[in-house]
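Enquirer: Below is a structure I'd like to ask you about.
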Amino acid sequence: MSGLAISTTGLVHIYRAHGHDVAALSGIGITVRPGELVGLLGPSGAGKSTLLQLCGGLLTPSAGRLQIGEHNLATMTEAELDRMRSGDVGIVLQGAGRNLIPYLSPLDNVRYAQQAAPRDREVPAAIDVLELVGLREQAESPLTALTPGQVQLCAVAVGIATMPGLLLADEPTSQLDHHARDEVLAAIRTINQRTGMTVLLITHDPEVAAALPRTITIRDGRIAAEGRSGEEYAVVASDGSLPLPPHVAELLPAGTLVQVTIEDGQVRLSPVDQEGNR
């Protein structure tokens with residue numbers, strides 16, 4: 001098994017709310033290499049979950065290109081999307097319980113998820129999947145006997161039950177204490193490193209974000225920044241626009257005239273008045 005790449009160009013998603021069209025995503029362009037572990041950051045309503053659901057084939061793009069491995073999601077039928085989700089893409093929804101059958105043990109939850117795998121897909125033993133996330137000893141326990149962190153680990157195990165090339169996880173560490181949060185994050189890292197599975201996850205936790213090798217920040221439906229090992233950088237869009245980091249935007253409110261100059265190889269932004277004076 002190898003990880004799947006993600007590639008989007010001009011990705012747009014529009015939904016109808018209160019009689020008006022609302023753009024949840026406006027021209028998103030990202031590239032995630034096979035085997036990368038990437039976090040999606042941004043305020044509530046920014047479009048993170050929309051992008052995750054689009055990558056999982058749960059929503060249909062309004063415009064643009066969305067490629068997952070060899071799959072062009074913009075042109076796939078519902079049957080083709082179902083087959084993709086059954087083997088190539090694993091999804092962990094926000095809220096561990098939404099991913100699990102409450103009356104089944106962790107072992108049986110994973111076995112149930114594996115029933116959806118394509119017939120030509122060789123899946124690992126369910127106990128080996130649980131061992132990968134650190135739940136071998138709890139394999140036969142009722143879910144009610146598990147800690148919240150262990151329940152979330154079980155949800156992750158269900159998400160990777162068929163060993164997909166891409167794991168999509170929506171807030172997998174939310175509402176957990178620091179110890180449980182770190183265990184879940186460590187399990188996701190282990191999955192990524194041992195299997196080569198590509199992982200795209202949403203997080204609001206700055207400590208989780210700082211621990212990820214790469215992050216993508218979405219704001220108002222657009223790419224606002226990218227991070228590398230805790231250091232954040234602005235991203236020049238394909239049209240040449242440059243979203244400013246929030247702390248800079250506070251100093252340069254909308255409508256501010258800015259002079260752009262290059263001095264000694266450095267780009268400088270200098271606010272000017274309406275007459276063009278610094």
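The values are calculated or read from the model by the stated rules, or taken from the named source; none is laboratory data. Note that the structure is predicted; figures quoted are calculated from it, not measured. Here the Cβ is made from the backbone with ideal geometry for all residues, glycine too, and neighbour counts use every protein chain on show. Ligands, DNA and RNA are stripped out before the accessible areas are found, and what is left, the full protein with its side chains, is counted by its heavy atoms. Shrake-Rupley method; radii C 1.70, N 1.55, O 1.52, S 1.80 Å.
Enquirer: Quick check on segment 205-217. Is at least one of its residues touching a Phe, Trp or Tyr at 6+ places or on another chain (Cβ under 6 Å) and in contact (Cβ under 8 Å) with a residue 12 or more places away in the chain?
Expert: no
Enquirer: Please pick out the residue among G230, G255, G265, G240 that is without any contact (Cβ under 8 Å) to a residue 24 or more places away in the chain and touching a helix residue (DSSP H, G or I) at 6+ places or on another chain (Cβ under 8 Å).
Expert: G230
Enquirer: Check off (1) open to solvent by less than 20 Å² (accessible area, probe 1.4 Å); (2) free of Cβ contacts under 8 Å to residues at least 24 places away in the same chain; (3) in contact with a Lys or Arg (Cβ under 8 Å, 6 or more places away or on another chain) for G149 and give me the number that stays unchecked.
Expert: Only one criterion is unmet by G149, namely (2).
Enquirer: Is it the case that segment 120-130 has a residue that's outside any helix (DSSP H, G or I), touching a residue at least 40 places away in the same chain (Cβ under 8 Å), open to solvent by 20 Å² or more (accessible area, probe 1.4 Å) and more than 27 Å from T173 (Cα to Cα)?
Expert: yes
Enquirer: Within the set of pairs 6 or more residues apart or between chains, which connect a residue that is modelled with pLDDT of 90 or more inside segment 12-36 to a residue that is aromatic (F, W, Y) with Cβ atoms less than 9 Å apart?
Expert: As it stands, the answer is A24/Y15, since those pairs meet every condition given.
Enquirer: On to the next question. Can you list the strands (runs of 3 or more DSSP E) found entirely within segment 167-245 that contain at least 3 residues being open to solvent by less than 20 Å² (accessible area, probe 1.4 Å)? Don't jump to the end; show me each part of the working.
Expert: Values: elements: 198-202, 214-219, 222-228, 231-234.
Here the list reads 198-202, 214-219, 222-228.
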